[in-house]
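Trainee: Can you read through this structure? Questions will come right after.
The values are calculated or read from the model by the stated rules, or taken from the named source; none is laboratory data. Just so it is clear, the model here is predicted, and its values are computed rather than measured. Every residue, glycine among them, receives a Cβ derived from its backbone with ideal geometry; neighbour counts consider all protein chains shown. Quick note on the areas: whole protein, heavy atoms, side chains included, nothing else; ligands and nucleic acids left out. Shrake-Rupley method; radii C 1.70, N 1.55, O 1.52, S 1.80 Å.
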Amino acid sequence: MARIFEYFVVCGIGPEIRTLDGNRGFHGTGVMYLPSLLDQYPPSNHSLYPPPPPQLPTCVLPAGVEFYSSGFDPNDVSTFPRSYPIVLTEGDGSKIYVSCIAFRDPVSEDIAEAYRINANSFSDKCICLVSRSPSFHVLRDALEEIFCLCFSPTGSSKPLWDVIAYMVSSVPLPTPGKDRVLFAIENCLLSVEAPPKDGLPHADISFQPLVQCLDVDNLIRLFTAVLLERRILLRSNKYSLLTLVSEAICHLIYPFRWQHVYIPLLFFSGVDYIDAPTPYMMGLHSGVDTTGLTMDGVVVVDLEYNRITTSEEIPPMPEPELGSLRGEIMKLMYPKVVGIDQMKGSFGSSPEQYPRGDSKPWGEQHDLQLRLIFLKFFASVLSGYRNFIENGANHVFNTQAFLKKRSRSTNQPPESMITQFLDSHGFLDYLERGIGSDESNNNLLDKLQDACGRGQNPMSILPFPLAEPEIVTISDPGVGIAGSGAKYCYDRFPSNIRTEEQEEKRKSILAAASGALEYAGRYNPSSPSVDPGKDPKAGSLSPRSRAAERERMVLDIKVKLQGLWLRLLKLGATDDPLSSFEYGTILALIESDAEGIGGSGFVECIREHIHSGWLGQLTEEQFVAVKELLKTAISRATSRNDMATVRDALEVSAEMFKKDSNNVPDYVQRHLLSLSIWEELRFWEGYFEYLMDQSSSKEANYVTLVTAQLIIVASHTAGLGLPDNDAWYIIETIAEKNNIGYKQFIKLRGLLSHIQQLRIGYWGISSVKVQSVSSYGLQSPHSQDAVGESQQPAEASGVGRSWVQSMFSRDTTARTNSFSRVRRWTSDNGTLENVKSTGSPRKSDFPAAGPKKAQSVVRTLRGHSGAVTALHCVTRREVWDLVGDREDAGFFISGSTDCTVKIWDPSMRGSELRATLKGHSRSVRAISSDRGKVVSGSDDQSVIVWDKQTAQLLEELKGHDGQVNCVRMLSGERVLTSSHDGTIKMWDVRTDTCVATVGRCSSAILCMEYDDSTGILAAAGRDAVANIWDIRAGRQMHKLLGHTRWIRSIRMVGDTVVTGSDDWTARIWSVSRGTCDAVLACHAGPILCVEYSTPDKGIITGSSDGLLRFWENEEGGIRCVKNVTIHSASILSVNAGEHWLGIGAADNSMSLFQRPQERMGGFSSNTGSKMAGWQLYRTPQRNVAVVRCVASDLERKRICSGGRNGLLRLWEATINI
């Protein structure tokens, strides 16, 4: 039978004394020391319950242990014992309830002697009752009776630990709704019972402290913050208040549950936890200083002064629910004030939903009414929610349809608070628990909605007791018998009887401490306190003590890593993470930690951040730092043979790939290939065993289980980019050891070949030690367009296809030879030359890569000292070059973080730099030009107009209140600019004035298009709205709504506007109608650039997933007719002309496409699709660089990229070396 009490625990100063800073020894009074677990019942060698949490001593004495010269003084309140509850949360989310009494107790004589502590000294001690049942009252009552019995002048009839032992081992857990257990501690009778399971959850606390500390408005604000899963910090100078308020607010959000970190009473040394980036609810004593913490976004609830502060706005609760909730709470708390105008006598009779409030003291009935008030709020807000649960396999909740229905019923737009609540983990958890489970039958929210719909009293949903509970009496037969009336009195809380082993260990620790003091005293006898330093007998610590110490160290390092990681992600685009303090500190924690806590903590930090909802969006600079840190963590773990950390790092990279909207996670995993650990079969065998252990209880069919885990291993080998031969050797070896059967071999080989073909088609052949692209006689894995071709790369088509064909052949000899070939390939380091005799593909066996194309020139232009942030190509149209006599047509103009603008002439080899324009004080973000002028916009909020010939500054246009990120030179000496201040301004260069603010957006503008012939302006940005203005008419035409995240790119041609957004979609709009004609949604990341191909009337989109997609209009709509995967990073620029198409990506790769009709006499293999007719013309050899911006000169077949290193890379596709 389950017991209500799991443990009785005593915590305080143990034989090994340490300060909170970790220094050993006694350092005098006024210093706080780490508490230890001194005694417990049941003893540590029992197997009835799991052992107490190792952090229990630190949590029950959150301030630490202090030494005093005196004990209890009836005239000094500060010496009085304190009784308070705490709640601990385990890794699986289950709670442990602890009742504590802290008091001053004399220091043990042996400890005082060993550490030379003054006689008659006292220190903090805490006795605790630990339970899994939230029976706060009986825990407190029983513990206080034990405490009073110990120090009672009349004494107890049995030894105190005998009383404790019988109480802990004999009092059963009552059956909910049926039993009432009676038990006695000496002469005090106590009882405990639990409410029925089909009612509200058991809450053995009073809600009065919550409503007394916070007024109604602040109570509702706290309730809202908890629902929206903010970071919440409660402050009070009373431990009990922190726990009771935390528990009360968790009960008020029923039927939802708090899903995140929950520490109602945080120990003082863990104050750094407050900077954790994930949601939490914590309580902290008001005496702890938090001035050194950032506290960004933390909701601080001061329970002493009824005050709530936060740097982030808490959205208000919607009406009419807010008014109803506030009125019901006021009626419950202040019945005389609310009903002051009511008649004393009843006039008529109308049933009330809740009993009329009166002046009775707050009691259990008030607690019940308060909980029903908040449950009624949920019933109103979520009215009809069950109708929007789709009856599919996953029972998805249709949030948008529910919000639309609510908007129609309230005549209000969707409320921010409701929208955020429906996206919370608590609401999703409620849906998962309620659908298809037993809990759905006892769902009080559904019952209350049904009762209100029928006009019934809400109290009717609660179960009514059918009979009085059965009395279960627990009596101690030894009370009053043993010892013939002997009494046991104590002047301190007694220690439990120790075993011989425990006693020897205690003596050895104290002897070591005493010896260290004597040694130190010889050289510093006058020192009142000595720090012995590192104890040579530290190994004598008990395993539990070592575990507790390590747990504290792990938590400390983990919190530091979380803060550093969060700050690393906040570095700006112009910052260098590799030289930042955050990167250096994380690297030091990883490299200097011999036990691997830094490396494993860093990996766990990333995992928790991903699980908390982080999408993994990193800048190119930040990614370099994360990649290097992961490599270091894996390398250090490999040297320690810590395969668990290596395994976790591998899985983290895979999770990031799945969750990262910029495709950076896969980029990380592919860059881990250089580490040698992946070449070791023992790692993969260990990883396979780990997967089997994790899933052994979930799958009955052994063969299916093994195959499923091997599929996971295969996905990781392909994600890393391991060669096909090496990956198959790993899979084959593990599969043979597990005897999975011939058919499963075929499936695994086919799957691995398929994954490898997809990987190579998407990213190309990886650069590895054992095989290279050159070994196959190929110039490039993408010598032709990679997608839409029947021919696959050599490795996949040669090795993979031939193997699969042999496996399905009826010739058993061929199959046997195929297995042996794979073994020989892997045994010979994967080189194909060593297996010619087996019939495996030779170098000459691979298909030719097509006619060899002339290599092209790539020039590096040096001049900028900072990252290139803006790049512009001077086109013939800009300078009206009708006959080709304009010298500046084809110039490239660049801007940088070094605040300069530079003009480059590609025709001047070796001396391309024509001019340097200086005038900005911050980074240059946008550039445009016409026949005689250059205009640039900067982070310094200014726009500067330059003379192109003389490089002189002509005008400085000021008027924006944010960085200028788009500029456009117009006819008639006009300039159009947009800024992060949300405005679009038109300037007259001749008069140096702002003619008008032609457009306004609600947030920063990121992209802009203008048609000078019609006067139509289109702009979009962070508000996810595309705005259309008619400048000549002076009016706004449309607000195009549909995107849900930032709009990064916009293109306008005639009546068509194309937008690309961070919501992974592009949209086609009609300017005249203001409607969305199509949604293009096939990318796996934000769409950074869109282009309109005028001759084809098609769309080209480039995304951060590295894909280039070609879309074509058809009678039935628009469809994707071609995918190009030659780039492995974000597509930054797509520039389409009549015959040529230029592409630039963030990994410094560039490509030029041409129509085959123009090149091959009108022949095309895609006669039915014009957009699919674009074919790859040429792509240069890639070098390592991080690119910020790209510009194309299609008339001269030039593409130029600007990198973070300040270099420009100019590629001329038609020039031979």
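Trainee: How much length is gained on full extension from Asp92 to Met908, taking 0.36 nm per residue of separation minus their Cα-Cα distance?
Mentor: My answer for the length gained is 286.9 nm.
Trainee: Now for a separate question. Could you rank the peptides 896-902, 505-511 by their average count of other C-beta atoms within 10 Å per residue, with the highest value first?
Mentor: In decreasing order of mean packing, 896-902, 505-511 become 896-902, 505-511.
Trainee: Once the dipole of segment 83-200 is set up with Lys and Arg at +1 and Asp and Glu at -1 on Cβ about the Cα centre, which of Ile127, Ile96, Phe151 lies farthest towards its positive end?
Mentor: Of Ile127, Ile96, Phe151, it is Ile96.
Trainee: For Asn23 paired with Asn411, estimate the spin-label separation in nm (one decimal), with each label point 7 Å from Cα along the Cα-to-Cβ line.
Mentor: 7.1 nm
Trainee: Expected output is a single nm value to one decimal: the length gained when fully extending between Leu954 and Gln420, i.e. 0.36 nm times separation in residues minus the C-alpha distance. What is it?
Mentor: Taking Leu954 through Gln420 to full extension adds about 187.2 nm, to one decimal.
Trainee: For every other residue with a beta carbon closer than 11 angstrom to the beta carbon of Gln949, add +1 if it is Lys or Arg and -1 if Asp or Glu, then tell me the sum.
Mentor: Result for the local shell: +1.
Trainee: Within a Cβ distance under 14 Å of Ala248, other residues only, what is the Lys/Arg minus Asp/Glu net charge?
Mentor: My count for the surroundings of Ala248 gives -3.
Trainee: Using the beta-carbon distance between Thr175 and Glu364 and R0 = 22 Å, what value does 1/(1 + (r/R0)^6) give for FRET efficiency, to the nearest 0.05?
Mentor: Once the sixth-power term is evaluated, E becomes 0.60.
Trainee: Let me ask another. For the full complex of protein chains and a 1.4 angstrom probe, list Met417, Met908, Met32 by accessible area with the highest value first.
Mentor: Greatest to least solvent exposure: Met908, Met32, Met417.
Trainee: Obtain the nm distance between the two label points defined at Leu681 and Glu470 by a simple spin-label model: each point lies 7 Å from its Cα along the Cα-to-C-beta direction.
Mentor: About 6.3 nm, to one decimal.
Trainee: For Thr1075 and Asn306, what does the FRET efficiency come to when R0 = 45 Å and r is the distance between their Cβ atoms, rounded to the nearest 0.05?
Mentor: According to the calculation, E is roughly 0.30.
Trainee: For segment 964-1008, with only Lys/Arg (+1) and Asp/Glu (-1) charged at the beta-carbon, what is the dipole magnitude about the Cα centre, in debye rounded to 20?
Mentor: 100 debye
Trainee: Just read off the accessible area of Leu578 with the full protein assembly in place, 1.4 Å probe, to the nearest 10 Å².
Mentor: Approximately 70 Å² for this residue.
Trainee: Contour minus end-to-end for Ser971 and Ile340, with contour as 0.36 nm per residue of separation and end-to-end as the Cα-Cα distance?
Mentor: 219.7 nm
Trainee: Right, something else. Check Leu970: other-chain or 5+ apart residues with amide H under 5 Å from its amide H, H built from backbone geometry?
Mentor: For Leu970, whose amide H was placed from the backbone, the distant partners under 5 Å are Val975, Leu976.
Trainee: On the full set of protein chains, 1.4 Å probe, figure out the accessible area of Thr19 and give it in Å² to the nearest 10.
Mentor: Probe radius 1.4 Å; accessible area of Thr19 about 10 Å².
Trainee: Another question about this same structure. Using Cα centres only, tell me the gap between segment 214-278 and segment 142-168 in whole Å.
Mentor: 35 Å
Trainee: Quick one: putting +1 on the C-beta of Lys and Arg, -1 on the C-beta of Asp and Glu, what dipole do you get for segment 910-1016 around its Cα centre, in Debye to the nearest 20?
Mentor: Here the size comes out at about 140 debye.
Trainee: OK, next. With every protein chain kept in the model, how would you rank Arg1204, Arg1067 by accessible area, 1.4 Å probe, largest at the top?
Mentor: Arg1204, Arg1067
Trainee: Rounded, prolate or oblate: which fits segment 129-214 when a ≥ b ≥ c are the square roots of the eigenvalues of the alpha-carbon gyration tensor, with rounded for a/c under 1.5 and prolate only if a/b beats b/c?
Mentor: Oblate.
Trainee: Order the following by accessible area, largest value first: Glu247, Glu582, Glu501. Probe radius 1.4 Å; ligands, DNA and RNA are ignored.
Mentor: Largest accessible area first, the list is Glu501, Glu582, Glu247.
Trainee: Charges only on Cβ, +1 for Lys and Arg, -1 for Asp and Glu: so what's the dipole of segment 1038-1102 about the Cα centre, in debye to the nearest 20?
Mentor: Rounded to the nearest 20 debye, it is 160 debye.
Trainee: Considering only protein heavy atoms, what is the solvent-accessible area of Glu470 at a probe of 1.4 Å, reported in Å² to the nearest 10?
Mentor: Result for Glu470: roughly 120 Å² accessible.
Trainee: Evaluate E = 1/(1 + (r/R0)^6) for Val703 and Thr585, where r is the Cβ-Cβ distance and R0 equals 41 Å; express this FRET efficiency to the nearest 0.05.
Mentor: For R0 = 41 Å, the calculated efficiency reads 0.25.
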